[in-house]
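First up is the structure itself, then whatever we jot down about it.
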Amino acid sequence: MNGEKLLSPAGRCEDRRFVAGAGRYTADLLPGDALHAVFLRSPIARGRIRHLSIDAARSAAGVTAILTADDAAQDGVEYMVWTGAPVRDDGAASSESQRPLLNRAVIRHLGEPVCMIIAKTQKAALDAMELIDVAYDADDEIALSIDDLQGPLVWPGSADNIAAFHRLGDKPAVDAALAKAAQTVRFDFDISKVTACTIEMRSALGSIDANGKLCLTTSAQSPFALHGELAKLFDLPTDQIRVIAPDVGGSFGMKGALYREDALVVWAAKRLQQAVFWSADRSESFISDEHARAVCGTAVLGLDADGLFTGLWVEANTDTGAYLSRRTKGMLNNIGGVAGQYKTPVIASALTFFYTNTMQTSPYRGFGRPEATYIIERLIDKAARETGHDALALRQKNLVTPDQMPYQTGLKFLYDCGDFPKIVEAAARQADYAGFQQRRKQSEANGLLRGIGIANPIEVAGGPFQQTRPDNARVTASADGLITIAPGLMSVGQGHETAVARLTSQMLGVPTHSIVYAQGDTDLLPTGRGNGGSAATVVGLSAVKIALDELITQGQGVAAAALGCAATELTYRDGAFATSDGQTMAWVDIARHSNQAGGISVLGEFTPPDVTYPNGCHICEVEIDPKTGKIAFCDYVVVEDVGTVLNPALVEGQMHGGVAQGIGQALGEILRFDPQGQLMTGSFLDYPMPVAADLPPFRITTIAVPTAINPLGAKGVGEAGTVGSLAATMNAVADALASAGVSEFEMPATPYRVWQALQSG
């Protein structure tokens with residue numbers, strides 16, 4: 001069965017398969033007669049298609065079809081399903097930015113697909129693309145930043161380039177608090193635009209399955225979300241659509257929704273009645289994958305004479321790219337995170353989303369959470385410097401305490417549980433915060449600058465906030481002795497296969513090698529959440545536990561009937577029910593005695609009553625060589641409360657990866673465009689991804705305060721590393737630079753930019 005994996009008995013269950021080269025990704029699942037698609041993409045960022053002729057290309061060797069916007073319109077699939085919400089709280093109208101599957105005339109960002117070339121081989125398709133006669137009229141003026149408010153307009157007819165505007169919180173109360181504050185501190189932040197850069201680039205296979213269903217096999221983290229969008233796009237009932245997500249080589253939020261290429265290969269397969277495959281190369285990924293972050297603005301914090309926070313104002317602006325969708329508004333969902341772990345009584349914010357002539361933005365390991373933490377934690381560090389407080393002590397005196405839980409923050413979020421002071425104290429002790437000044441003196445004696453950065457991240461998990469959604473899991477005990485788990489969650493590298501296998505093994509008393517993990521197939525479940533929002537364990541694994549509980553209950557009933565005793569007389573141990581006189585019945589026999597064909601199959605569903613809040617403390621220590629601007633990590637300490645820890649190795653792995661991604665953005669990753677909208681950082685020669693040698697020695701500890709919102713007590717860990725590391729790293733860099741008189745510095749902290757800052761003082 002597609003998506004099924006027999007689990008190995010030791011270590012991370014999936015590792016043996018991956019190391020042996022037995023992973024199965026979309027590109028490994030092509031039928032022998034699959035056609036290959038490539039896309040002619042716009043080389044300009046803004047303008048119009050003046051001329052397009054495909055005649056020569058259509059007759060090229062090996063070409064099956066060349067599809068254009070006219071063909072899409074003819075088949076009624078001209079536009080992607082609209083998922084945006086262009087709400088403006090100021091009452092002004094905003095444009096609904098519908099995305100065409102293929103562009104007919106207007107170009108709004110670099111890399112928009114114009115034609116789809118389908119051939120027997122990828123080489124033939126690429127050769128044919130060279131024969132397409134196309135000309136563009138590029139606009140001289142291009143909207144590339146939020147500064148281009150009044151024009152050039154990305155969507156002509158609009159009053160401005162504001163895609164959406166939202167006010168949150170009590171602004172008059174904040175204004176009053178700031179006016180009365182003993183001191184106010186302002187922080188102007190600029191969080192760079194980045195992209196996920198997954199190891200496995202996006203790919204998609206459209207086909208007609210054995211049951212006549214339209215089928216999409218793709219590298220995606222949320223197959224059920226794609227399933228619903230495809231059904232709407234093709235105006236088909238959901239039972240006529242199938243989505244399969246096999247092994248996925250990294251996702252991080254970027255692969256969470258339906259892309260144009262996904263829809264196009266399915267449409268092409270439907271039109272041609274033959275499988276059609278597309279895969280991006282790295283250069284294509286840089287211009288066709290959704291981008292992320294790109295948030296700037298101002299935050300103002302009020303403090304009383306004792307250093308207690310009195311009010312917080314945040315004005316955040318997000319570059320959404322050329323198209324607005326629900327995925328471009330991550331800050332709206334997670335702006336509550338600017339409250340941090342602190343008892344600031346009143347908070348307000350204004351969020352503005354701007355259209356630009358760039359690729360649209362989307363979630364990337366945090367979906368607004370790292371940005372929110374970055375804002376408050378960088379602001380606190382600046383407040384400490386300006387008011388003469390110690391950065392750690394200022395945080396500690398403002399922390400929410402356990403006796404205040406559940407705690408209603410000044411903006412949106414209601415924290416369910418946690419012991420923030422304990423976490424912070426443990427991190428400070430492990431990092432030897434008290435000894436930092438001595439270490440700084442030693443570095444200065446060696447001609448180096450030393451800095452320390454703190455971040456107390458908190459994030460919402462299992463949500464979205466106030467919109468919690470269910471997840472499902474199906475568990476089947478079959479007569480061949482195997483236990484098959486079909487979860488609604490998706491493992492895209494985090495180790496969920498291991499988590500599911502270990503939980504199943506513990507609850508059923510069966511070895512992991514008898515467990516089959518079958519994820520990512522919409523035919524196996526009525527619905528599923530997939531991966532995202534740190535919800536896989538919180539919601540998805542809870543659904544698995546509920547299904548396992550029900551399987552045990554039903555299995556006990558079958559065993560009792562077969563053994564001729566009451567269910568209450570049975571004991572359960574090592575995968576078998578036993579009577580007092582020694583008769584036993586294992587799952588393989590229970591399945592054979594079941595009245596259900598194929599054994600016992602149960603469906604578990606779990607909807608959390610609320611969200612929960614993983615939290616922690618990150619302390620980063622760096623040295624800077626002022627002669628070169630090069631940054632070296634001295635230490636990196638993490639203490640996290642992710643609730644009940646089910647597998648320490650998986651938690652540590654998630655933290656390592658998350659911290660690395662935050663460090664990568666802080667120290668160098670950025671998407672830059674020239675004035676014509678051309679991407680200048682479109683390869684790893686220009687876009688500096690961190691390597692192992694760039695990363696610090698991680699020291700990671702967990703202190704669990706279990707949540708009551710799910711049966712496992714887990715809070716989630718998927719995004720925790722990045723949420724904390726972006727701010728902690730930049731705070732450490734800023735602290736080192738401040739010791740040399742540099743008062744303002746923002747990412748990326750490349751050696752050259754650090755050196756420049758030191759030269760200018």
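Assigning unit charges at the beta carbon (Lys, Arg +1; Asp, Glu -1) and nothing else, what dipole magnitude in debye, to the nearest 20, does the chain show about its Cα centre?
Result for the chain is approximately 420 debye, rounded to the nearest 20.
Quote the Stokes-Einstein diffusion coefficient, in whole µm² s⁻¹, for the chain, based on the Kirkwood radius over alpha carbon pairs, a temperature of 10 °C and a viscosity of 1.306 mPa s.
Estimated via Stokes-Einstein, D reaches 58 µm²/s.
For the stretch 42-119, what relative contact order do you get, as a whole percent, if you take Cα pairs closer than 8 Å and at least 6 residues apart?
49
Tell me the label-point distance for the pair Glu315, Arg58, using the 7 Å Cα-to-Cβ offset, in nm and rounded to one decimal.
If labels sit at Glu315 and Arg58, their model points lie 5.4 nm apart.
Sorting check: for 500-506, 21-27, 699-705, which peptide has the highest mean count of neighbouring beta carbons within 10 Å, and how do the rest follow?
Ranking, from highest mean packing down: 500-506, 699-705, 21-27.
To check you understand DSSP bridge types, tell me what percent of the beta bridges within the chain (both residues inside) are antiparallel, rounded to 5.
80
Please name which of Phe745, Leu563, Val295 has its Cα lying farthest along the dipole of the chain towards the positive end, using unit charges on Cβ (Lys, Arg +1; Asp, Glu -1) and the Cα centre as origin.
After comparing all options, I get Leu563.
State the answer as a single residue: which of Ala177, Ala164, Gly151 lies farthest towards the positive end of the charge dipole of the stretch 141-203, with beta carbon charges of +1 for Lys and Arg and -1 for Asp and Glu, about the Cα centre.
So the residue furthest toward the plus end is Ala177.
At 7 Å along the Cα-to-beta-carbon direction for both Val81 and Ser283, put a label point, then send me their distance in nm to one decimal.
A separation of 3.4 nm, rounded to one decimal place.
Grab the DSSP H runs of the chain that are 4 residues or longer, score each as -39,500 (n - 2.57), total them, divide by all residues and round the 222 nm result to the nearest 500 deg cm²/dmol.
-8500 deg cm²/dmol
Relative contact order (percent) for the chain, with alpha-carbon contacts under 8 angstrom and 6 or more residues of separation?
Relative contact order comes out at 15 percent.
Scanning the chain for GluC sites (Glu not before Pro) in DSSP loops with at most 14 other Cβ atoms within 10 Å, what's the longest stretch left with none?
In the chain, the maximal stretch lacking such sites is 142-743.
Which order do the peptides 511-523, 338-350 come out in when sorted by mean C-beta neighbours inside 10 angstrom, highest first?
Top of the packing list down: 338-350, 511-523.
What percent does the relative contact order of the stretch 464-589 come to when contacts are Cα pairs within less than 8 Å and at least six residues apart?
Normalised by residue count, the contact order of the stretch 464-589 is 30 percent.
Do any of Lys630/Lys715; Lys180/Lys412; Lys343/Lys545; Lys193/Lys213; Lys232/Lys545 go past 30 Å between their Cα atoms, and which?
Lys630/Lys715; Lys343/Lys545; Lys193/Lys213; Lys232/Lys545
When the Cα centres of the stretch 138-152 and the stretch 155-223 are compared, how far apart do they sit, in Å?
Their Cα centres are 20 Å away from one another.
We did not get these values from a lab; they are worked out from the coordinates using the rules stated. Model, not experiment: these values are computed from the prediction. So basically every Cβ, Gly included, is an ideal-geometry build from the backbone, and we count neighbours across all protein chains shown.
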